[in-house]
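The values are calculated or read from the model by the stated rules, or taken from the named source; none is laboratory data. Predicted model, so just to flag it, every value in this text is computed and none were measured. Methodologically, a virtual Cβ is constructed for each residue, glycine included, from the backbone with ideal geometry; neighbour enumeration extends over all protein chains shown.
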Amino acid sequence: MTAAALADLGPGVAPDAEHLLRLRHWVRADRAAPRAATALPGGFVVRRRGRGLEVDDIRLFAEGDDLRHLDRNATARTGEPHVRTFRDERERTLLLLVDLRPSMLWGTRRALRSAAAVEAAALAGWRALETGGRIGLLAFGVGEPVVVPARGRVRGMIAVAGGLAVAHDAALAGALGAGPWGGSPQTRSPSDEPSLAAGLRIAARLAPKGATVLLVSGFDHPGADFDEAAGLMMRRSDLAALVVVDALEARADGVVYPFLDPGGALRRGRIAAPFDRTTDPRFLALDRLAVAAAPIRAEAGPAAMVEALEALDGRR
């Protein structure tokens, strides 16, 4: 399927870069709302890791300043005590880790789960940018991952939005047999889909120390080594998660639904219980790992997604 044909499907199926860039106004409108207190810039409340590494300013000593931060040169030159202030530059980077595996490419209302994940990631990026952060991207699926190095300012977000759109188009093309998967649906198997743990391990190599890594996924097939990969990530970075939930998951009406499994076989199943964050196994697993997490409803629009991002701030 061509890029033009994908664009005709609309942002709920194939979000393009222009759509993702327009999401910025939702973040700007939200800035007047009360926020969780933080001493650091960025889209998330993060753990403070000391006083920072980079000198931000040298100023006159004031009562309450740490004597260990005295600047000897400025003090000797002026005859008055001066101190250095520092900034936590390493903590400003947000790496968006977006799951675009085939298991994300479905949805029942408004948007595919993958499209909702891309929108939520873009909103998180805009929030980080609006407060002075740098944003990078790792979008992964069955083909080569799309990587956008972390950059600040609008040009950094333009690159991320373009990377998200390209990665999502490639995932759709692959699912239709014109991309990395190739062949027909009947030739595919669940083993063709990499685990979430594999994506985490790639992100652990890319994320600067002290960065915040935001994993946006439906959390299908996390992998037997997911806990280990998450622990490795959390030794050097902050890890947070947005769990994409489809409207169908909120229903427990006893209806038997037909679906195709990854091998193309027709199956049937029912929703055992409606979605509940307090009992959902995905959230229980993330809570056990001390990973802050919030749900993103695929049928909801950008305003609800911004609220979910605010809720995620409050859990950190």
Problem - Matching option when the condition is at negative phi and under 21 Å from the mean Cα position of the chain (by Cα), among Arg268, Arg251, Arg235 - result: Arg235
Practice task
Output the residue which, of all residues in the stretch 280-316 that are assigned to a helix (DSSP H, G or I) and among the charged types (D, E, K, R), is farthest from Arg113 (Cα to Cα).
Solution key: Arg288
Exercise for the section: Out of the residues in the stretch 249-273 that are closer than 19 Å to Leu112 by Cβ and not in a loop (DSSP other than H, G, I, E, B), state the one that is modelled with the lowest pLDDT. Expected result: Leu260
Practice task
Mind listing whichever residues of the stretch 115-135 are polar (S, T, N, Q) and touching a helix residue (DSSP H, G or I) at 6+ places or on another chain (Cβ under 8 Å)?
Solution key: none
Completion exercise
Of (1) part of a strand (DSSP E or B); (2) at pLDDT 95 or above, Ala229 fails just (1)
Problem - Test result for Arg92, within 17 Å of the chain's Cα centre (by Cα), surrounded by 23 or more Cβ atoms within 10 Å (Cβ to Cβ) and farther than 17 Å from Leu196 by Cα - result: yes
